[in-house]
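*Asks:* Here you go, one structure.
The values are calculated or read from the model by the stated rules, or taken from the named source; none is laboratory data. Computed from a prediction, not measured in an experiment: that's the story for all the values here. Cβ atoms come from the backbone with ideal geometry, glycine included; neighbour counts cover every protein chain shown. Side chains are part of the model used for accessible areas, which takes the heavy atoms of the whole protein and leaves out ligands, DNA and RNA. Shrake-Rupley method; radii C 1.70, N 1.55, O 1.52, S 1.80 Å.
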Amino acid sequence: MKTAVVYYSLGGSTRSFARAEAQARNADLIELKPAKPYRLLTAFVRGCPAAIRQQTVPLANRPDLSGYDHIVLMAPIWADHPAPPFNSAAALLPAGAEVEAVLLSGGGKSSTHGKVRALIEQQGCKVADVRDVRPHR
């Protein structure tokens, strides 16, 4: 089974966690890069409302995920929802893939697991897990 860890990170916490996860699974590591990068202020002003509406954003890189059987999709939680690049990556998921969603938060847990599960299932994928992680700093 070929595995990819696909992630978006604003401040680096998700990146560190994704690297460790990819190494532990012997998986390919793919970073998502928005065409218009977020900064702390734009993440709050532009990113949080887009996250709440489960909007996508254009990506500078559009990874081809068709060669992967198992995909671990990671992003930080913004306004109780995955950051918009997560939604953009979900739209690229190949039908039939098994997907784990890992949502990273410096605070509490996300209450949107059902929405995340539905977003992944809309792509014809099997949801293996949706979980929250609070990375150690």
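*Asks:* Of the residues Ala43, Ala18, Ala27, which single one is of a type in the set (Gly, Ala, Ser), at pLDDT below 95 and out of contact with any Pro (no Cβ under 6 Å at 6 or more places or on another chain)?
*Replies:* On the way: Ala18 fails: at pLDDT below 95; Ala27 fails: at pLDDT below 95.
On inspection, the qualifying residue turns out to be Ala43.
*Asks:* Out of segment 86-103, which residues are of a type outside the set (A, V, I, L, M) and in contact with a Leu (Cβ under 9 Å, 6 or more places away or on another chain)? Spell out how you get there, then give the answer.
*Replies:* Keep residues of segment 86-103 that are of a type outside the set (A, V, I, L, M), which gives 86-88, 94, 96, 98, 100.
Phe86, Asn87, Ser88, Pro94, Glu100, listed by residue number.
*Asks:* Please list, ordered by first then second residue, the pairs with beta carbon atoms under 7 Å, 6 or more apart or interchain, first in segment 110-137 and under 22 Å from Gly96 (Cβ atoms), second part of a helix (DSSP H, G or I) and open to solvent by 30 Å² or more (accessible area, probe 1.4 Å).
*Replies:* Val127/Arg117; Val127/Glu121; Val130/His113; Val130/Arg117
*Asks:* Here's something else I'd like to know. Return the total of residues in segment 78-120 being among the basic types (Lys, Arg) and closer than 18 Å to Thr56 by Cβ.
*Replies:* 2
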